[in-house]
Amino acid sequence: MDAVLLARLQFAFTLMFHYLFPPVTIGLGLLLVVMEGMYLKTRDLQYEAMARFWTKVFAVTFAMGVATGIVMEFQFGTNWATYSRFVGDVFGSALAAEGIFAFFLESGFLAVLVFGWDRVSPGMHFVATVMVALGSMFSAVWIVVANSWQQTPAGFHIVGTGAAARAEITDFWAMVFNPSSMERLVHVLLGAFIVGAFVVLSVSAFYLLKGRHLEFASRSFTIALVVAAAASLAEVVSGDSQARTLATTQPAKLAAFEGLYTTTSGGTRLTVAGFPDTAEKRVRGEVAIPGLLSFLVWGDWNKPVQGLDRVPRADWPPVALPFQTYHVMVGLGFLFGALTLLALVMRWRGTLFEARWLLWTFVFAVAGPFAANELGWVAAEVGRQPWVVYGLLRTSDATSRSVPAGQVLASLVMFGVIYALLFAVYVFVLNDKIQHGPDEPTPPPPATTGKGLLAAAGRLAGQGGESLTSTGEAAGRSGGE
């Protein structure tokens, strides 16, 4: 057994499981802001019922994200000691910023978001919703900054030599705004918005097909559909921009994505599909468009894009896995755009909710955005190999030498069992909430004044001071609204 391979598999497994949840909270956070904002604007109780229901889904998913995220940070110290020493100064500042500016903000207002519906004013509750949504996005900011620094290091110098070498920040803002961070951040956030929107689309389509909560479902579906369509189209533009950056910052990764083994003398083709064969340095069954990659990268049909032949063989990434995951991710992205645009046209024509085949498509299409997000990270991380910090630290040199393969394997099996149980509980709780559905919107009791108030007070006097206090608080809230 290879301890390095097992450590990589363990981190990949725990990361991919964890990443099922943050995109949902980021995407739902945005939708909650929209729904609650619509309630404040219109005072339509249906929007409040929508925000209340999706807040429950948000809270359950947030708890899973926190529980599964802690494990990854411990692995830095247990399985990746050399890596932790090398990047500690950089990651320490980024993760500290994530804790201060993101996690504390998100978790600090989360209690108000979940439990404050009848305890604070609608305006204050909306502020809490906005803060939680921003906190979830800020968390993505600092995690993506730290990861992007591994892809395109900047704003640092190396202190020490050999196994004692480590990177120290010399320019914090150069580290934050490294050559790939902002483009990757936009791509990650848009991907999360798509996931959150498709979760809402799936559940809403299910309700529509079953004839349940029709008003709630139709409004939720419409709001999520607009967000999903806008984010899907923007994601295509973001992906194109990111690929152009790869051509100059990580040309070997782009070559792996395209199965480009040899630099051509003229324009470089864009490979649509195929099966890379590294032994023969070609793509079997290739479907390609001549010159298109050159045009997309350089704006010139005849300017070549660098292939793997310009990279030392020892620095080649694996080709087959990044190639396939990248192409499936791109294909899914275009599919999301086409599906949501079709649904928007049908919604505008008033025929969407009668098209049961399309609603069933949305019920199951929720798996697509999850897959695309996971595959995108696989492509990005495997495509960076053999480097854990690009050009500076090899993955094979970054592990903990004192941890044997057997211990890593045992912990990997343990995590697999625990995560399976956690996921079963999550699915059970989530299904229970979906089957129950949203509570029917109920208007607050009207404020009572004059003789009616005195009569109500007389009736309540015999019911105990607690009932009188509760009724008075409810009347006060109703009057405030």
Check your understanding: Each residue of the range 79-89 in order: what ³J(HN,Hα) in whole Hz does its phi give by Karplus 6.51 cos²θ - 1.76 cosθ + 1.60, θ = phi - 60°, with x for Gly and Pro?
Key -> 9, 10, 5, 5, 4, 4, 5, 5, 9, x, 5
Revision key, fill the gap. Any aspartates and glutamates whose Cα falls less than 16 Å from that of K281, other than same-chain ones fewer than 8 residues away, would be E258, D309, D315
Exercise for review: Pop out the Kirkwood hydrodynamic radius of the range 272-384 from its pairwise C-alpha distances, inverse of mean 1/r, in Å to one decimal.
Suggested key: 16.9
Check your understanding: Can you list the lysines whose alpha carbon is less than 22 Å from that of K210, not counting same-chain residues fewer than 8 positions off?
Key -> K56, K433
Check your understanding: Which value does Rg/Rh take for the chain over its C-alpha atoms, Rh per Kirkwood?
Key -> 1.04
Review point. Whose amide H sits under 5 Å from the amide H of D277, counting only residues 5 or more places off or on another chain, with H placed in the peptide plane?
Key: R282, V283, R284
Exercise for review: With 10 Å bins from zero, work out the P(r) of the range 1-149 over every alpha carbon pair and list the percent per bin.
Suggested key: 11, 36, 27, 16, 8, 2, 0
Study note, to complete from the structure: In Å, the Kirkwood hydrodynamic radius from C-alpha pairs for the range 181-272 sits at 15.7
Exercise for review: Compare the Cα positions of G350, G274, L335 along the charge dipole of the chain (+1 at Cβ of Lys, Arg; -1 at Cβ of Asp, Glu; about the Cα centre) and return the one farthest towards the positive end.
Suggested key: G350
Study note, to complete from the structure: Stokes-Einstein D for the range 364-432 (4 °C, 1.567 mPa s, Kirkwood Rh from Cα pairs), in µm²/s, comes to 84
Check your understanding: Percent of alpha carbon pairs in the range 178-234 separated by more than 13 Å?
Key -> 61
Check your understanding: Of the listed peptides 55-62, 144-151, 428-435, 290-297, what is their order by residue-averaged count of other C-beta atoms within 10 Å, with the highest listed first?
Key -> 144-151, 55-62, 290-297, 428-435
**Study point:** For the chain: relative contact order, % (alpha-carbon pairs under 8 angstrom, 6 or more apart)
**Key:** 19
Point to revise | Computed FRET value (nearest 0.05) for V311 with T78, which takes r as the C-beta separation and R₀ as 35 Å | key: 0.60
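Since every read-out is calculated from the coordinates, none of them should be taken as a lab result. Being a predicted model, the structure only gives us computed values, none of them experimental. Glycine also receives a Cβ, built like all others from the backbone with ideal geometry; neighbour counts cover every protein chain displayed.
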